[in-house]
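Working notes for the structure below.
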């Protein structure tokens, strides 16, 4: 229940480098992508072409790591618990700050995060389970310049069709948390072979298989940015480390569409 | 009731250079802003910072005037009835095509347009009148690089408070048509002195003054881009000519948020 500025201060001092899932309840979390200015127009257009996957919350000026809109003067070099540094598409470091990588030509994109959606589903008394699992799929981002990659999806299983309908309604209100699902029903439709064998998981396996009444809905996952960083092969690209997000000063409700 | 591709073809041949208000009913119209690549990242970020005013529908590759997303291979050099060309912030031409101004480094931004919203208000049986008048205000865009300027607002007067409430609900669903209003009630609140004395008008004066029961709602208007083009003073910037929009292949409903 700590306010975001307090949490960010602890992170900045190096006293917290863990996951952010339960940090600062009700405040919107954000993913981070940092690219050199030379590639920033392409990345901006890439996000515009793939708004469900990469909803843009804030873009900083080249060389300026401080936020203006989503948080009051947060330092994006230090205020996330963990980062990933890619060189020519290869993950070379997972530091807890990026001060030594910072350059005057870097542009930061803060991207909407799916995490907060679950609070709203619970508030709406929607019955479901989060698989805690992420899947590579047959869905591809619309490319722009060097940016391309397969979309990673997360799956939630809803107890009844009515729970799923309500989840579509509720998630549609939050385009900054990836908005409405991009698929429902059979995993085949998006090239997922088996919901019990995810490509990335954040919970202990095995996964309980879908029950006959459960309805699967699929949302874009931030992990897509890892595929994009690998494929783009920029000399330097920095992202948040999965599950280690930036905590904004905005509650998700401020970012709702209606 | 002509399909958009047919209308664009007539425009391309130079056989129509008039306003588009009543063209291709139900299809989303778009405003256009064209800037050299050197300024395109700043303009993209500018739009991201002012999403109510400049909702981005499509961004083209530098030097490529053809659309991919909003229309199948439309040519943005010829497919709008009329353009405005600004040099160093000064309006120098209002041509019916921009072939002679086209360069290999130009990037086109198609921006959501308010026009289509009225069809939805009428469909929802909302009682109101469009002032057909636009006002300079005390509201300013959040700047980025050379891009800045005062927000121009349009005003609609709703017969009852309930009509206004319904209009907020309906417009919220269409972020690509400027979404929800940015102000309601007294024009003073946004620096408008008198609703009967607009800065730009598309209908014959005089304007019937607001009646006591009417509720005023204010939406961002595309005319803001004229202020921005003047203030930015780029060596070259091209926009649509007010009321002479690009007709997309998308119905507004495809762009709704829920």
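For region B:97-149, how many residues meet the condition of being without any contact (Cβ under 8 Å) to a residue 12 or more places away in the chain and not assigned by TED's automatic domain parsing to the domain that holds residue B:238?
Taking region B:97-149 and keeping what is without any contact (Cβ under 8 Å) to a residue 12 or more places away in the chain, we get B:100, B:122-123, B:125, B:140.
Filter once more, keeping what is not assigned by TED's automatic domain parsing to the domain that holds residue B:238: B:122-123, B:125, B:140.
Total satisfying the criteria: 4.
Going residue by residue through region A:31-38, is there one that turns out to be under 29 Å from residue B:56 (Cα atoms) and assigned to a loop (DSSP other than H, G, I, E, B)? Write out each step before concluding.
Looking only at region A:31-38, we keep the residues that are under 29 Å from residue B:56 (Cα atoms), and these are A:31-38.
Subsequent filtering for residues that are assigned to a loop (DSSP other than H, G, I, E, B) retains none.
There is no residue in region A:31-38 that is under 29 Å from residue B:56 (Cα atoms) and assigned to a loop (DSSP other than H, G, I, E, B).
So residue A:142 fits all but one of (1) surrounded by fewer than 17 Cβ atoms within 10 Å (Cβ to Cβ); (2) at pLDDT 95 or above; (3) in contact with a strand residue (DSSP E or B) (Cβ under 7 Å, 6 or more places away or on another chain); what number is the exception?
It fails just one condition, (3).
For (1) surrounded by 20 or more Cβ atoms within 10 Å (Cβ to Cβ); (2) in a loop (DSSP other than H, G, I, E, B); (3) out of contact with any helix residue (DSSP H, G or I) (no Cβ under 8 Å at 6 or more places or on another chain), each residue gets a yes or a no:
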| residue | (1), (2), (3) |
| --- | --- |
| B:69 | no, yes, no |
| B:72 | no, yes, no |
| B:79 | yes, yes, no |
| B:86 | yes, no, no |
| B:92 | no, no, yes |
| B:103 | no, yes, yes |
| B:118 | no, no, yes |
| B:131 | yes, no, yes |
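I'm trying to understand the selection: among the residues of region B:65-74, which are within 14 Å of residue B:111 (Cα to Cα) and within 13 Å of chain A (Cβ to nearest Cβ)? Walk me through it before giving the result.
Within region B:65-74, the first condition is being within 14 Å of residue B:111 (Cα to Cα), and the residues that meet it are B:67, B:69-71.
Passing the criteria: B:67, B:69, B:70.
Only one of (1) within 14 Å of chain A (Cβ to nearest Cβ); (2) within 16 Å of residue B:213 (Cα to Cα) is not met by residue B:159, so which one is it?
(1)
Only one residue in A:160, A:224, A:201 is over 30 Å from residue B:173 (Cα atoms) and in contact with a strand residue (DSSP E or B) (Cβ under 8 Å, 6 or more places away or on another chain). Which one? Talk me through it step by step, then tell me what you get.
Values: A:160 fails: over 30 Å from residue B:173 (Cα atoms); A:224 fails: over 30 Å from residue B:173 (Cα atoms).
One residue alone meets the criteria, A:201.
Go through region A:1-17 and give me each residue that's touching a residue at least 60 places away in the same chain (Cβ under 8 Å) and outside any loop (DSSP other than H, G, I, E, B). Show your work before the answer.
So in region A:1-17, the residues touching a residue at least 60 places away in the same chain (Cβ under 8 Å) come out as A:4-5, A:7-8, A:11-12, A:14, A:16-17.
A:4, A:5, A:7, A:8, A:11, A:12 - these are the residues of region A:1-17 that are touching a residue at least 60 places away in the same chain (Cβ under 8 Å) and outside any loop (DSSP other than H, G, I, E, B).
Would you pick out the residues in region A:197-210 that are surrounded by fewer than 11 Cβ atoms within 10 Å (Cβ to Cβ) and either under 23 Å from the mean Cα position of the chain (by Cα) or touching a residue at least 40 places away in the same chain (Cβ under 8 Å) (or both)? Even if it seems obvious, please write down each step before you answer.
In the first step, residues of region A:197-210 are kept if they are surrounded by fewer than 11 Cβ atoms within 10 Å (Cβ to Cβ); the result is A:203-206, A:209.
Scanning region A:197-210 gives A:203, A:204, A:205.
Exactly one of (1) farther than 25 Å from residue A:48 by Cα; (2) under 17 Å from the mean Cα position of the chain (by Cα); (3) surrounded by fewer than 21 Cβ atoms within 10 Å (Cβ to Cβ) is unmet by residue A:156. Its number?
Condition (3) is where residue A:156 drops out.
Of all residues being more than 11 Å from chain B (Cβ to nearest Cβ) and within 19 Å of the chain's Cα centre (by Cα) in region A:51-64, which is farthest from residue A:104 (Cα to Cα)? Just the residue, please. Before the answer, list the steps.
The first filter runs over region A:51-64 and keeps only residues more than 11 Å from chain B (Cβ to nearest Cβ), leaving A:52-54, A:63-64.
With the extra rule that they be within 19 Å of the chain's Cα centre (by Cα), the set shrinks to A:52-54.
Numbers: A:52: 30, A:53: 28, A:54: 24 Å.
The selected residue is A:52.
Out of (1) crowded, with 22+ Cβ neighbours inside 10 Å; (2) within 14 Å of chain A (Cβ to nearest Cβ); (3) within 25 Å of residue B:174 (Cβ to Cβ); (4) touching a strand residue (DSSP E or B) at 6+ places or on another chain (Cβ under 6 Å), the odd one out for residue B:31 is which?
(2)
Counting just the residues of region A:1-28 that are modelled with pLDDT of 95 or more and crowded, with 21+ Cβ neighbours inside 10 Å, which one comes out farthest from the other protein chains (Cβ to nearest Cβ)?
A:11
Of everything in region B:94-116, what is within 14 Å of chain A (Cβ to nearest Cβ) and modelled with pLDDT under 95? Give them in sequence order. Lay out the reasoning, then the answer.
Filtering region B:94-116 for residues within 14 Å of chain A (Cβ to nearest Cβ) gives B:105-112.
If the condition is that a residue be within 14 Å of chain A (Cβ to nearest Cβ) and modelled with pLDDT under 95, then B:112 is the only one that fits.
The values are calculated or read from the model by the stated rules, or taken from the named source; none is laboratory data. Predicted, not measured: the structure shown is a model, and the values here were computed from it. Cβ sites come from the backbone with ideal geometry, for glycine too, and all protein chains shown count toward neighbours.
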